[in-house]
Amino acid sequence: MTTETKNAMIRFENLHQEFTLSGSKFTALDGVNLSIADGEFVTVVGPSGCGKSTMLNAAAGLLDPTSGRVVVDELEVDGPSPRTGVIFQQYALFPWLTVRKNVEFGLKLKKMPAGERRAIADHYLDLVGLTRFAEALPKELSGGMKQRCAIARAYAVNPEILLMDEPFGALDALTRVHMQEQLLETWTKERRTVMFVTHDVDESVFLASRVIAMAARPGRIYQEIMIDLPYPRTESMRLSDEFARLRARVWEAVYHQPDAKGADE
Amino acid sequence: MAPKNPPTAADTSLVPGGGGVSTEAPENSPPRKPRNGGNRKFSRKVMLSINLASVAAGIIGWWLVSAIGIQGLPGPVEVIERGGELMANGTLAEDSGASLARVLTGFALGTLLAIPVGFLMGWYTVARGIIEPYVQFFRTIPPLAIIPLAIVTMGIGEVPKVFVIFLAAFLSCVISTFQGVVGVENTLINAARVLGAKSFTVFIRVVVPASSPFILVGMRIGLGAAWATVVAAELIAAPNGLGFRMQQAQLYYDLPTIFVSLIAIGILGLIMDRLLLMIEARLTRWQERR
Ligand SMILES: Nc1ncnc2c1ncn2[C@@H]1O[C@H](COP(=O)(O)OP(=O)(O)OP(=O)(O)O)[C@@H](O)[C@H]1O
Ligand SMILES: [Mg+2]
């Protein structure tokens, strides 16, 4: 089932992740195998609690897998690396720093001189449309703006891999479409490897060249759907029959799983 | 689940922006929703005039009660006169200075130790296991109850008094620093790690700022506890100080002096609290207020 790619950038090798929940073992991921090629854009969809975030955190080096491993560029992941940028489901902005200082955070850790740092931050703030709010504190931003700030912060350190956990979940439909287009535009220019988790079937089809549908209890990959629409993706593609057909397939894979119980918690 | 807003101080009036006659009305966030009914709609000026009127009424009430002639109760005029005398001959300044010196020494030592210990407890599970039983145990003993022991073991000099104040300040501050560190959201720590921060950097750049509101609230509670303790400690054994002055006055049935001392204690306590509140408001401006 898994597509074997020669130059895999991220490879999940029989990844098992168990958590202890009030004394009892809980299997969040039950043997995940997946290869994501260098420069590929993959989306991951599935019911709530199926382990999407867990999978992403494992790739980010924030978890200690129970068994199996994640390999990035032929090296086993054993901790976070600035090569891998992460955008968390919760925005995770530092509330005591201004928007600009949040974006500069990673650059400062790299000991980059202030002038250079500022130029890069300004570039990405402009990209996500937050230039006017550079000096604002996170508490003064709307949910969508916070998310855009988190995106700018992740982009700023120029990671080769972007792991995005429902980054557009808090955005209104209009901003969401705009951000999707912008993300693809940046991706076309800079070709990072992207693993993008979402709840939204439309979004998963529009962005990816491959959709990974997951199932819950235990968390596992249920189906992979190739999206052979050409890039750049356009608005008219969204309305095409081909898009509708793919969308229906993904929908089927997510909402009509043999033993899916959906989010019953 | 993680407490986003600090602090779980028992006294809600100590929580930033939470009730009380807080002067910390949010400056940079417009009052979008009226919070406590219509009360919030009063402007600062109106509120202040209400406060002043209330205080004036209280003083008039006091004056009336004393004018009726309740046994030995001094009136405001008498107390103000005595205050003037004590100020003129320097006693009031000396006493206040002595009490303040004890409080500030004990408080400074207490918080200086409490902050690193609280961090240690929050960051290292082993340290927590070692320290927590002591902190929890001593917390249940009122600092004043330590005084007899302190006097027996440390003599009647300044040391036992400063020690008791130190203990009072330390215990309140250590708990809230610890809670602050434990409450730091994991996602913030992870966010720093994926941007390349190693554990020391995470500590300095994330844990310290994220827990600072808790530390500051702990300091305010600690200062309150220290101030309450010093006066009581001076009642028991001291050569000077506001508590000592009251103790002396009690021997001579000198109610005006007791009143002057009580008012001085109240005013000084209020000033110290407001100062810390101002510092706190400045340092935690970034916080999301409910
Ligand atoms: N640190 C943890 N400790 C215990 N259980 C955990 C932990 N992290 C995740 N889990 C459990 O693992 C399962 C998968 O969680 P995960 O966050 O990966 O789901 P998800 O697919 O991202 O869901 P959602 O779409 O709601 O974000 C859940 O049942 C969750 O309770
Ligand atoms: Mg998730």
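The values are calculated or read from the model by the stated rules, or taken from the named source; none is laboratory data. Please read all numbers here as calculations on a predicted model, not as lab measurements. Quick reminder, even Gly has a Cβ in these numbers, built from the backbone with ideal geometry, and neighbours come from all protein chains shown. Side chains are part of the model used for accessible areas, which takes the heavy atoms of the whole protein and leaves out ligands, DNA and RNA. Shrake-Rupley method; radii C 1.70, N 1.55, O 1.52, S 1.80 Å.
See the values below:
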| quantity | calculated |
| --- | --- |
| In the range A:83-143, GluC sites (Glu not before Pro) in a DSSP loop with at most 13 other beta-carbon atoms within 10 Å | A:Glu135 |
| For the protein assembly as shown, with +1 on Lys and Arg beta carbons and -1 on Asp and Glu, the positive-most of B:Leu235, B:Gln250, A:Gly143 along the dipole | B:Gln250 |
| The range B:157-219: trypsin sites (Lys or Arg not before Pro) in DSSP coil with no more than 12 other Cβ atoms inside 10 Å | B:Lys198 |
| For the range A:109-265, size of Cβ-based charge dipole, Lys and Arg +1, Asp and Glu -1, in debye | 540 debye |
| Where B:Thr201, B:Thr153, A:Thr198 fall by accessible area, highest first, once all protein chains stay in place (1.4 Å) | B:Thr153, B:Thr201, A:Thr198 |
| Taking chain B and dividing mean pair separation by its residue count, relative contact order in percent (alpha carbons under 8 Å, at least six apart) | 24 percent |
| Loop-located chymotrypsin sites (Phe, Trp or Tyr not before Pro) in the range B:117-167, at most 13 other Cβ atoms within 10 Å (DSSP) | B:Tyr124 |
| Total charge dipole magnitude, chain A, about the Cα centre, Cβ charges on Lys, Arg, Asp, Glu only, Debye to nearest 20 | 720 debye |
| Accessible-area order (highest first, 1.4 angstrom probe) of the listed residues B:Tyr252, A:Tyr231, A:Tyr155 | B:Tyr252, A:Tyr231, A:Tyr155 |
| Inverse of mean 1/r across different Cα pairs in the protein assembly as shown, Kirkwood, Å | 27.9 Å |
| Cross-link pairs beyond the 28 Å C-alpha cut-off, checked among A:Lys108/A:Lys139; A:Lys25/A:Lys139; A:Lys146/B:Lys45 | A:Lys25/A:Lys139; A:Lys146/B:Lys45 |
| Estimated 222 nm signal from helices in chain B, with DSSP H stretches of n ≥ 4 weighted -39500 (n - 2.57), rounded to 500 | -23500 deg cm²/dmol |
| Accessible area buried at the A-B interface, both sides summed, 1.4 Å probe (Å², nearest 100) | 2000 Å² |
| Kyte-Doolittle at least 0.5, axis length at least 15 Å by Cα - qualifying DSSP helices, chain B | B:44-68, B:91-123, B:158-182, B:208-236, B:255-283 |
| With at most 16 other Cβ atoms within 10 Å, longest stretch of chain B clear of loop GluC sites (Glu not before Pro) (DSSP) | B:28-287 |
| Cα gyration tensor, the range A:34-139 - rounded (a/c under 1.5), prolate or oblate | prolate |
| Shape of the range B:133-184, Cα gyration tensor, a/c cut at 1.5 | prolate |
| Mean separation of Cα contacts under 8 Å, 6 or more apart, over the residue count of chain A: relative contact order % | 25 percent |
| Net charge of Cβ neighbours under 15 Å - reference B:Ile215; Lys, Arg +1; Asp, Glu -1 | +1 |
| Shape category assigned to chain B from the gyration tensor of Cα positions, a/c cut at 1.5 | oblate |
